[in-house]
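Structure first, then comments.
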Amino acid sequence: KPIIVWFRRDLRLGDHPALTKAVNQGCPVIPVFIHDEVVENHGAAPKWRLGLSVENLSREIADKGSKLILRRGNAADVLKGLAKDTNAQAVYWSMAYDPDAVKRDKAVKKSLEDMEVETKVFRGHLLFEPTSVETNTGGFYKVFTPMWKSVRNRDVADLIAAPSDIPAPDQWPVSDEIKDWSMGGDMQRGRDIVAQYVCVGESAATSRLGNFIGNWINDYQTNRDLPWQPGTSKLSENLTYGEISPRSCWHAGQRAMQEGKKGAETFLKELVWREFAYHLVHHTPRIIDDNWREDWDAFPWNEDERKAEVKAWKQGRTGIQFVDAALREMYVTGHMHNRGRMIVASYLTKHLLCHWKIGLNWFEDCLIDWDPASNAMGWQWSAGSGPDATPYFRVFNPVTQLDKFDKNREYVSTWIAEGRKNPAKQALQYFDAIPKQWKMSPEDDYPDPVVKVDEGRKAALSAYENRSF
Ligand code: FAD
């Protein structure tokens, strides 16, 4: 009797405990991906990028003499039907942690167990399970640094090699064609442009990790703050779809540290930020949708009066160069430098005093590395409503930040075309990528600030100081 392996955010063959376990049972294995209710709710860019990953995985699975079966619909119904049709003995998958996926997985488990099909859940998305990390007094970490200290010296299991082949069943169940799903259909912007910047699949992700370790990790500690440097790994794009395992990144970082590469420890620390986000989601799922600090529910956001400013923010036309450059970077490449993320989030939630959920949703629509946990933590950190958050009086100044992190204006001149004689290729690509109805052109004047830096700062501080919560 076959075993079904249900792929979700683990679109790789190496270091995949669920797949390896299934293959080692010696029975036929049926790999499946479902365009289910969770995928249906993804934003436009993540959904499109997910489609590329699924296509790539299909090819890799075919190279192993197998086939990725594609189905669309409610996950519990699809798996029930598939288990019945193939007479499967079990369904294996990798653990997920965000509330939508957890809810779905519970329903799937129940419906399969009702028909006496075994279900097994494996690890792989995280380095350290949320239930295995506790403070000295019990409970989970709400502050990053003590969590980092508690896990930094832990053993992390060795990597598992990809199976050399995947045993096929006598007969394959029917499969959808991915092109019929049109996973890029929701994207309003130029997909062909973003496609120039993506790095899809397990072998591309592994090369990306190798390049980072070989060329960039030594100076990572300083370069990671400079948005014009290709000094970070960009692996968030691959980690979010599970094209590479966090263990691969961790072990590579550990080896680099043993070789004396200076930035290696900082890289490991960043990987633990990702863990921290997932632990928070596991213990307090409300972080995804609601203020993590409940006393923030009364905060007087003023987006109702800021519709034009929010539109300008989304378009990268706020008149604040650092903010606009970062939003345009996201629009063209699907990625935004971490410093840019902090700056645009601070400007939206503090200078414009608009709810962090506006930004969270926009990122969810535009980022190819969208990750439910890191995005929610990042936005709540920036707004001040989250755990271990930036204090309310820390309002990033996007002008002095530019002097500090983009002294020679390399980043802003890469992304802003207006007012320049010879704009950079990427700055022009932005105008090709945006929806036509935005009616913008590189010949336009660069706008004046929608909210001046000093005025926005004052308004933000007074709103926070006078808060009645
Ligand atoms: P590197 O610097 O190479 O770091 C290595 C890995 O560590 C990253 O790939 C990522 O997995 C992890 N990491 C690094 N910084 C963070 C962090 N602050 N929080 C959590 N994990 C981290 N990250 C996402 O993956 N998806 C998101 O949707 C997302 N939204 C964000 C929204 C806001 C408002 C903010 C402030 C941050 C957000 N981040 C998000 C975190 C961070 O900006 C990105 O992980 C990072 O920029 C990815 O680039 P990189 O892979 O080159 O990172």
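Tabulated values for the structure
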| read-out | value |
| --- | --- |
| The one condition in (1) away from the ligand (no atom under 16 Å from the Cβ); (2) assigned to a loop (DSSP other than H, G, I, E, B) that residue 304 fails to fulfil | (2) |
| Residue match in segment 395-414 (condition: within 12 Å of the ligand (Cβ to nearest atom) and touching a residue at least 40 places away in the same chain (Cβ under 8 Å)) | yes |
| Counted residues, segment 173-227 - those being within 21 Å of residue 336 (Cα to Cα), part of a loop (DSSP other than H, G, I, E, B) and modelled with pLDDT of 95 or more | 10 |
| Any pair with Cβ under 9 angstrom, 6 or more apart, that starts in segment 329-358 at a residue that is assigned to a loop (DSSP other than H, G, I, E, B) and ends at one that is within 9 Å of the ligand (Cβ to nearest atom) and among the polar types (S, T, N, Q) | 335/236; 337/232 |
| Residue 179 vs. criteria loosely packed, with under 13 Cβ neighbours inside 10 Å and not small (Gly, Ala, Ser) | yes |
| Top-ranked residue in segment 114-135 [being touching a Pro at 6+ places or on another chain (Cβ under 9 Å) and aliphatic (A, V, I, L, M); ranked as farthest from residue 152 (Cα to Cα)] | 126 |
| Scope segment 288-307; condition crowded, with 19+ Cβ neighbours inside 10 Å and of a type in the set (A, V, I, L, M, F, W, C); matching residues | 288, 292, 296, 299 |
| Meets criteria (in the same structural domain as residue 447 (by TED's automatic domain parsing), surrounded by fewer than 23 Cβ atoms within 10 Å (Cβ to Cβ), among the hydrophobic types (A, V, I, L, M, F, W, C) and part of a helix (DSSP H, G or I)) for residue 310 | yes |
| Yes/no for residue 362 being aromatic (Phe, Trp, Tyr), within 9 Å of the ligand (Cβ to nearest atom) and modelled with pLDDT of 95 or more | no |
| Hits in segment 359-383 (condition: aromatic (Phe, Trp, Tyr) and not in a loop (DSSP other than H, G, I, E, B)) | 362, 363, 379, 381 |
| Selection status of residue 385, within 10 Å of the ligand (Cβ to nearest atom), closer than 29 Å to residue 281 by Cβ and either in contact with a helix residue (DSSP H, G or I) (Cβ under 6 Å, 6 or more places away or on another chain) or without any contact (Cβ under 8 Å) to a residue 12 or more places away in the chain (or both) | no |
| Pick from segment 313-343, criterion of a type in the set (Gly, Ala, Ser) and within 16 Å of the ligand (Cβ to nearest atom), ranking: surrounded by the most Cβ atoms within 10 Å (Cβ to Cβ) | 325 |
| Positions within segment 420-441 being without any contact (Cβ under 8 Å) to a residue 40 or more places away in the chain and outside any helix (DSSP H, G or I), in sequence order | 420, 421, 422, 423, 424, 439, 441 |
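The values are calculated or read from the model by the stated rules, or taken from the named source; none is laboratory data. Note that the structure is a prediction, hence the values are computed from the model and not measured. Reconstructed Cβ throughout: ideal geometry from the backbone, glycine too, with neighbour counts over all protein chains shown.
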